[in-house]
Amino acid sequence: MVQPTRERLNDQPGDPGFEENLAKFEARVARGDKVEPGDWMPDAYRQQLIRLIHVHANSEICGALPEGTWIPHAPSLKRKMALVAKVQDEVGHGQLLYRAAETLGKSREEMIDELIEGKAKYSNVFHYPAETWADVCVIAWLIDAAAIVNQKMMAEGSYGPYARALKRICYEEAFHLTHGYDMCISMATGTKLQRDMLQDAVNRWWKPIMMFHGPSDKESKHTELLMRWRIKLKTNDAQRQEFLVKYLPKMFNLGLTVPAEWDLKFDEKTRTWTYNEPDWDEFVHVVRGNGPVSAQRLETRRLSHEHGRWVREALAAAASGRRVPMPN
Amino acid sequence: MSDKYTPDTLTPELKAAVIDLLYRLADDSIVIGHRNSEWTGIGPILEEDIAFSSTAQDKMGHALAFYNLLHELGEPKPDDLAFLRDAKDFRCCSFVAMSHLPANAEGDVPELMNNPTRNRLIVHGDWSISLMRQFLFVEADVLRMHALESSTYQPLAAIARKIRGELKYHLMHAESMLRHLATGTDESRKRMQQALNSVYPHALGLFEPTQHDKTLANAGIAPGETHLRDEWIEHITPLLAGAGLRQPTDVEPVFGGRKGRHGDELVALLADMQKIYRMEPTGTW
């Protein structure tokens, strides 16, 4: 996809008509109109969306790795089918999201290359290893739950193609959540070995989960602009709070606990949870590619991309009508 | 031939034959479903990753349906059948158990924080083997289910009709991919030809004759394996030729799976598949 030349877009401060167009654009967005690919938009809006959708798409295909590696071990026929379906959905979400980002002028190939080269980010949670089957249960329930809080909000955002992709993704994620909760119930009501496995997984995943929605509002540098342009409708802290309010009681009901160091307390007056602030420097360090398994995730993606090259080339040749001659 | 059978009306001889048949069908389905799902999330292109995973998931569903028929005949429950039997009790052919690795896949595999099988697949796996196996398997699966639709064993006929509906998509996918990959580039043609040569003797193992063939055929429960094989060869020959591939001739089929004689690949596959279930075999996961 070729992006129209900058001159014709006049989408940066100082370009002819920029201020006037910006005022019209912001009025539209404030009314709740959806912005479509051919519409005028400030370049900064385009770039922010490309960045966000790209990270989101990368997170889907990197998220397929920790869970995918457990498909061969899934401990019942029902779990096996559900896990294949879930990981398949995630790859499908990646495909949908790359396509949404392509409407803004960046190709899928370019985005996957940037991911592999370590130039583009993906969600903090997928920089950690899935060590046991219980990790798959925790990812499918709690991380999907945290993701749904974020995606439901983003699905109301101003950019049409992204919002529509997210509507479909949220619909499928609801099934994943049910599947994840069901797995956690089985483990939590199972034998001691299963209960211990699940609690151990919660203990290891709680830090990445607390960090999932991103830095505190005090530290988040993009939030103000993203909210003005209705790319994002809730702050990171508000999303984290929504997740905690909804899911902590469910976890406690299953007999699960959260590591004491977080000092999670429910404030009856404000109906919110208070907690020790995550180490946001560590978060930044992890998402920049320095997490416990960041290098292995990228190497996995790089190798599978590299090994799939001959398939992609053959499919591209077939699609363009080029064929190798038939043997005699 | 006009008799219709249900679990209650099978003679002991027919019951033993049906049980053996169902084990072959179920075990082929779960093993190829498992194998193909090893690619889920690391396929060569997103669209193919999705399509291949979807067929893998369907095959797992087919396995469950056949295990349920076995359970109706007094065998253990489906999950115990899939997760508690050892390789010697499996009746799948070696073809479905083959890994996606070429014969010369040697060398170190880095720790990629996946399970060891998947690490090896990522480093050495060859999609041409997977796709070629899938094509040859699906063609046989469709012919088999078509024949079983008119099985005199009623529960099997009902399941076969349902499965054949789903296999339409497997067939469309496998045939179009075979065409594209065999004719796309010189490299893809070469890989597909090599894959065909290497998997073909195992593919013939799909039709390994069993001691029950005659009983099943005479009772109208299932077609004879040799008959099915001939039908399959007649069917795939023009498709392979149309894609510019040379079909191997004078091939010695790899048999043994239907009698429970398996190589290391099935043993390793089952070790992967059964390890968590066997941690708490009476628990609910």
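The values are calculated or read from the model by the stated rules, or taken from the named source; none is laboratory data. Quick caveat, the model's predicted, so the values are computed rather than measured. Every residue, glycine among them, receives a Cβ derived from its backbone with ideal geometry; neighbour counts consider all protein chains shown. Heavy atoms of the whole protein, side chains included, go into the accessibility calculation; ligands, DNA and RNA do not. Shrake-Rupley method; radii C 1.70, N 1.55, O 1.52, S 1.80 Å.
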- Taking a ≥ b ≥ c as the square roots of the Cα gyration tensor eigenvalues, with a/c under 1.5 meaning rounded and otherwise prolate when a/b beats b/c or oblate if not, chain A comes out oblate
- Most to least packed among A:43-56, B:36-49 [average Cβ atoms within 10 Å]: B:36-49, A:43-56
- Message: With a 1.4 Å probe and all protein chains kept in place, how do B:8, A:267 rank by accessible area, largest first?
- Response: B:8, A:267
- Query: Which FRET efficiency value, to the nearest 0.05, is calculated for residue A:109 and residue A:262 with the Förster distance at 56 angstrom and r the Cβ-Cβ distance?
  - Reply: 0.85
- For residues of A:127-134, the mean tally of beta carbons on other chains within 10 Å: 2
- Message: Could you compute the longest span of chain A free of GluC sites (Glu not before Pro) located in DSSP loops and having at most 10 other Cβ atoms within 10 Å, not counting the site residues?
- Response: A:118-267
- Task: At a Cα cut-off below 12 Å, give the aspartates and glutamates reachable from residue A:86, other chains included and same-chain residues fewer than 8 away excluded.
- Result: A:60, A:67, A:144, A:172, A:173
- Expected unfolding gain across residue B:271-residue B:9 under the 0.36 nm per residue rule, minus the alpha-carbon gap, is 90.6 nm
- Message: With angles folded into 0 to 90 degrees, how steeply does helix B:154-183 sit against the dominant principal axis of chain B? Use alpha carbons for both and round to 10.
- Response: 20
- Query: Taking the Cα centre of chain A as origin and charging only Cβ (+1 Lys, Arg; -1 Asp, Glu), how large is the dipole, in debye to the nearest 20?
  - Reply: 860
- Extreme residue, positive dipole direction of the stretch A:38-303, given options A:208, A:38, A:128 (C-beta unit charges): A:38
- Query: Residues with beta-carbon under 11 Å from that of residue A:65, excluding residue A:65: net charge, scoring Lys, Arg +1 and Asp, Glu -1?
  - Reply: -1
- Message: Just to verify a number: FRET efficiency for residue A:24 and residue A:170, C-beta to C-beta distance, R0 = 41 Å, to 0.05?
- Response: 0.85
- Item | Average beta-carbon neighbours from other chains, 10 Å sphere, peptide B:30-37 | 3
- Task: Hand me the trypsin sites (Lys or Arg not before Pro) from the stretch B:180-285 located in a DSSP loop with no more than 15 other Cβ atoms within 10 Å, in residue order please.
- Result: B:246, B:261, B:275
- Message: Probe radius 1.4 Å, ligands and nucleic acids left out: can you give me the accessible area buried at the A-B interface, summed over both chains, in Å² to the nearest hundred?
- Response: 5300
- Amide N of the stretch A:180-213 lying under 15 Å from the label point, which is placed 7 angstrom from the Cα of residue B:80 along Cα→Cβ: none
- Residues of type lysines that residue B:4 reaches as a straight line, Cα spacing below 23 Å, ignoring anything fewer than 8 places off in the same chain: B:15, B:162, B:214
- With +1 on each Lys and Arg Cβ and -1 on each Asp and Glu Cβ, and nothing else charged, work out how big the dipole of the stretch B:12-279 is about its Cα centre, in Debye to the nearest 20. 280
- Averaged over B:46-56, how many beta carbons belonging to a partner chain fall within 10 Å of each residue's beta carbon? 6
- Per the C-alpha gyration tensor (a ≥ b ≥ c, the square roots of its eigenvalues), chain B is rounded if a/c is under 1.5, else prolate if a/b beats b/c, else oblate; here it's oblate
- Query: Along the charge dipole of chain A, which of A:139, A:179, A:275 sits closest to the positive end, that is, farthest toward it, with unit charges on the beta carbon of Lys, Arg, Asp and Glu (+1, +1, -1, -1)?
  - Reply: A:179
- Of the candidates B:248, B:237, B:227, the farthest towards the positive dipole end of the stretch B:226-268 (Lys/Arg Cβ +1, Asp/Glu Cβ -1, centred on the Cα centre) is B:227
- Query: With +1 on each Lys and Arg Cβ and -1 on each Asp and Glu Cβ, how big is the dipole of the stretch B:136-279 about its Cα centre, in debye rounded to the nearest 20?
  - Reply: 360
- Message: Leaving out ligands and nucleic acids, and using a 1.4 Å probe, what accessible area per residue does the stretch A:38-303 come to in Å²?
- Response: 37
